[in-house]
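To start, the structure itself, in structure tokens.
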Amino acid sequence: MSEESTLSRSRSRPRATASRLGRLNDAPAGAAEAAFLSCCGSRRWARLIAAHRPYPDLEALLAAGDEASYDLTAADLDEALADESVVGHELPPAHGLGALAAHTALRAAHDAYEHRFGHVFVICLDGLRPEERLDRLLTGIRDRLGNDREKERDNTAEELRRIARARLVRLAANLPHSPDMPGFRIA
């Protein structure tokens, strides 16, 4: 039986008081790492979070996630950027000619970004209403296209940290990871 299925099985235990965080704390290391890997595509990051269990509360888990994010090496960041869960989110719906033009502009800006920096554009959209996302995407990518490589790597790492933090909240609360979750990259 895989460790991941062990984690799934532990969810169905009849412990009414057991929280999702408690089950993550009690899961075998490999199962916990797999769950944390769904929050950030760096295996080292996921191992660090799993290794520091148990977490007494969500705040402690988030602090560990932040600390591990700040410790990402260039290779860890590249691994996280290559993770498919950071890519392929749908564009906000295009209603009308203005939105269609914005989508076209966003695709062109993303291509320019990827050509300039050699990696995908990521941005955390947590807390934004769907109708605000396209403007935030356009503004964010245009602003960041002017950065030098080092500054943009720092910005990218910060956006990944914010995305991972939001995903940790969802994981600990047993909320689904959905296309509406924060994070964006044009597929």
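The values are calculated or read from the model by the stated rules, or taken from the named source; none is laboratory data. Note that the coordinates shown come from a computational prediction; the quantities given were computed from them, not determined experimentally. Cβ: placed from backbone, ideal geometry, glycine included. Neighbour counts: every protein chain shown. For accessibility, only protein heavy atoms count, side chains too; no ligands or nucleic acids. Shrake-Rupley method; radii C 1.70, N 1.55, O 1.52, S 1.80 Å.
Considered as a group, the residues in the stretch 1-37 that are within 16 Å of residue 172 (Cα to Cα) and acidic (Asp, Glu) include one that is modelled with the lowest pLDDT, and that residue is 4. For the stretch 112-132, taking the residues that are within 16 Å of residue 82 (Cα to Cα) and in a helix (DSSP H, G or I), the one that is most open to solvent (accessible area, probe 1.4 Å) is identified as 115.
The single condition among (1) closer than 28 Å to residue 49 by Cα; (2) modelled with pLDDT under 95; (3) part of a helix (DSSP H, G or I); (4) not β-branched (Val, Ile, Thr) that residue 100 does not satisfy is (1).
Entry remark, the stretch 135-165: residues being over 28 Å from residue 100 (Cα atoms) and open to solvent by 10 Å² or more (accessible area, probe 1.4 Å) number 11 in total. Here residue 126 fits the description: acidic (Asp, Glu) and within 18 Å of residue 69 (Cβ to Cβ).
Looking across the stretch 68-97 at every residue that is surrounded by fewer than 13 Cβ atoms within 10 Å (Cβ to Cβ) and among the charged types (D, E, K, R), the one that is modelled with the lowest pLDDT is identified as 90. Among residues of the stretch 80-103 that are of a type in the set (D, E, K, R), those with a Cβ under 9 angstrom from a residue that is at pLDDT 70 or above, sequence gap 6+ or separate chain, pair up as 83/37; 83/40; 83/41; 83/42; 84/41. Tallying residues that are open to solvent by less than 20 Å² (accessible area, probe 1.4 Å), over 11 Å from the mean Cα position of the chain (by Cα) and at pLDDT below 90 within the stretch 166-187 yields 1. Residue pairs whose Cβ atoms lie under 6 Å apart, sitting 6 or more positions apart in sequence or on different chains, and linking a residue in the stretch 125-138 that is hydrophobic (A, V, I, L, M, F, W, C) to a partner that is open to solvent by 40 Å² or more (accessible area, probe 1.4 Å), are 125/133; 128/136.
For the stretch 23-48, residues that are open to solvent by less than 20 Å² (accessible area, probe 1.4 Å) and touching a residue at least 24 places away in the same chain (Cβ under 8 Å) total 11.
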